[in-house]
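Novice: Let me begin by handing over the structure; questions about it come next.
The values are calculated or read from the model by the stated rules, or taken from the named source; none is laboratory data. Keep in mind that what you see is a predicted model, and the values were worked out from it rather than measured. A quick note on method: Cβ atoms are made from the backbone with ideal geometry, for glycine too, and the neighbour counts reach across all protein chains shown. To get the accessible areas, we keep the full protein, side chains included, count just its heavy atoms, and leave off ligands, DNA and RNA. Shrake-Rupley method; radii C 1.70, N 1.55, O 1.52, S 1.80 Å.
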Amino acid sequence: MQWWVKKIKNVLLFMYITFGLSGCLNQVSPYNKKDEVSKINIGEAIQILSQMESECQKGNQEACSAMLGASAELASSEDKEAYEIGMQILQKACDMNLGQGCYVLGMFSMADFNGSIQRQNLGVSLKYLNKACTLDISEACQNMGHAYRQGEGVKKDYQKAMEYYKKDCDIALFKLKENKQKTMEEYSSWTKMPCMNAAKIHYRGEGVPKNHIKALEYFTKGCEISAFSCSVMAGQFYRGNIITQDYVMAFKLAKLGCEGNNAEGCNYLGIMYANGEGIKQDYQKAYKLFYNVCRNGGLDGTLYGRATEKELACYNLGLMYVNGNGVKQSYAQALSYFQQACNDDFSQEQLRFNKMFGGDVAPACHNIGLAYANGQGVRQSYKNALPYFAKGCDLGEQRACDAYREMKLSPALYGLNPSDF
């Protein structure tokens with residue numbers, strides 16, 4: 001799928017992150033018009049947006065953010081009139097040199113009012129994205145780099161792509177110097193990975209000689225800006241599904257990500273220590289990493305990461321106890337960690353996202369079912385095994401589905417009643 005198709009599907013999420021709509025527009029404020037714009041008629045919407053525009057021109061940044069958010073919401077509407085008004089206001093915002101306005105205008109120019117992609121509009125879209133890049137909107141620079149790298153709407157040109165990717169990197173590094181915490185929060189998203197694209201071009205040798213030292217230099221800069229994107233890149237190198245599998249590079253990036261307190265990086269680092277991939281096998285270091293994430297990871301812990309990172313670390317600890325790797329074998333201890341991994345509830349969207357990027361808690365539920373079925377670390381009980389096989393199956397673990405189906409087909413064999421299912 002082309003970069004622009006992916007991006008336009010995520011642009012509304014980007015607006016909430018970048019414009020601070022979840023803060024600015026939801027606070028008690030004279031410019032808190034987001035909900036009103038979606039409910040009132042077009043005439044009133046124009047009046048409200050006109051007020052926002054007037055205040056924005058006077059330098060009121062809150063009004064500018066509100067105007068951008070409200071106009072973008074109109075532009076995302078399937079109502080043609082609302083779409084056209086939203087696009088007109090975004091055009092005014094871009095003419096006022098509001099970089100975010102140019103960026104969103106560029107993204108929305110790729111589609112018509114009902115959201116269908118219009119390839120013939122790519123040239124117009126890139127014009128606005130280019131202006132947004134000149135106004136230091138780093139993701140616009142990233143998208144321009146993608147366009148030149150893939151030859152989408154422009155002639156393929158790796159040198160031009162590199163220029164845009166480098167600017168994306170430089171903007172983020174400047175922000176980092178200005179406000180480290182704010183910048184790290186802004187770039188904690190897989191859609192924003194400054195410096196990483198420049199690094200990949202050097203690593204692959206696309207339009208430039210292969211240079212892994214130069215690549216590592218850019219990867220390291222990117223890791224300094226965003227431990228999240230650093231860990232994402234570590235995963236890409238570890239799995240080899242987007243870039244050439246390279247355990248050594250994966251280890252270096254996972255280490256940098258983990259040092260930046262990203263739970264995902266720590267998990268990858270633990271896996272590589274446990275398996276001896278990219279580094280000498282060291283179960284003790286793997287155990288410490290998994291234990292720290294299992295105890296402190298996740299969205300509410302001292303480490304941050306995707307929703308299931310904490311549970312994945314607990315699952316890996318359970319595997320270490322099952323196999324006696326670096327610890328005394330203990331099915332009871334393994335079961336305790338598997339339960340921490342399986343017992344939390346996550347949305348299917350979260351689980352699909354994590355599995356797509358190499359994280360899956362479903363096997364933990366299957367392993368608990370096995371523990372009950374075999375009496376390992378717990379009193380044997382097929383009845384207690386059943387709900388864990390069911391949950392593992394619901395989460396996509398085929399082995400759990402097979403076990404559940406077998407028990408359901410022959411319940412008497414397992415001392416079960418039809419009512420147990």
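Novice: Just the number, please: carbon plus sulfur as a percent of the accessible area of region 166-315, 1.4 Å probe, no ligands or DNA/RNA counted. Before the final figure, lay out the partial values.
Specialist: Values: 3300 of 6430 Å².
Accessible surface attributable to carbon and sulfur in region 166-315 totals 51 percent.
Novice: Here's a follow-up. Which whole-percent values make up P(r) of region 53-101 when all C-alpha to C-alpha distances are grouped in 5 Å steps starting at zero?
Specialist: 5, 26, 32, 22, 11, 4, 1
Novice: Also: Taking a probe of 1.4 angstrom, what is the accessible area of ILE271 in Å², to the nearest 10?
Specialist: ILE271 has an accessible surface of roughly 40 Å² with all protein chains in place.
Novice: Find how much the distance from VAL248 to CYS401 grows on full extension, using 0.36 nm per residue of separation minus their present alpha carbon separation; answer in nm with one decimal. Kindly include the intermediate steps, with their values, before the conclusion.
Specialist: On the way: separation 153, 0.36 × 153 = 55.08 nm, distance 3.64 nm.
Extending this stretch completely gives an extra 51.4 nm.
Novice: Starting from the 7 Å offset along Cα-to-Cβ, what nm value, one decimal, do you get for the label separation of ASN374 and VAL208?
Specialist: The modelled label-to-label distance comes out at 5.1 nm.
Novice: Modelled label-to-label distance, LYS127 and LEU409, 7 Å Cα→beta-carbon offset: nm?
Specialist: Computed distance between label sites LYS127 and LEU409 equals 6.4 nm.
Novice: How long is the gain from GLU217 to ASP282 if the chain were fully straight, where each residue apart is worth 0.36 nm and the alpha carbon distance is subtracted?
Specialist: Numbers: separation 65, 0.36 × 65 = 23.40 nm, distance 2.70 nm.
My answer for the length gained is 20.7 nm.
Novice: When each pair of different Cα atoms in region 265-345 is counted once in the 1/r mean, what is the Kirkwood radius in angstroms, to one decimal? It would help to have the intermediate numbers written out before the result.
Specialist: Numbers: mean 1/r = 0.0811 Å⁻¹.
Its Kirkwood hydrodynamic radius stands at 12.3 Å.
Novice: Enumerate the aspartates and glutamates that LYS210 could reach by cross-link, defined here as Cα to Cα under 16 Å, with residues fewer than 8 away along the same chain left out.
Specialist: The reachable aspartates and glutamates, counting only those whose Cα sits under 16 Å from LYS210, are ASP246.
Novice: Filter the trypsin sites (Lys or Arg not before Pro) in region 255-290 to those in DSSP coil with at most 14 other Cβ atoms within 10 Å of their Cβ, and list the result.
Specialist: Details: sites: LYS255, LYS280, LYS285, LYS288; in loops: LYS280.
Taking region 255-290 and a limit of 14 other Cβ atoms within 10 Å, the loop trypsin sites (Lys or Arg not before Pro) found are LYS280.
Novice: Okay, next question. Would you tell me the accessible area of GLU84, worked out with a 1.4 angstrom probe on the heavy atoms of the protein chains, in Å² to the nearest 10?
Specialist: Only protein atoms counted, so the area is about 80 Å².
Novice: If you project the alpha carbons of region 108-224 onto the principal axes, what extent comes out on each, in Å, largest first?
Specialist: 42, 35, 22
Novice: With every protein chain left in place and a probe of 1.4 Å, what is the accessible surface of LYS127, to the nearest 10 Å²?
Specialist: Counting only protein heavy atoms, LYS127 exposes about 120 Å² to solvent.
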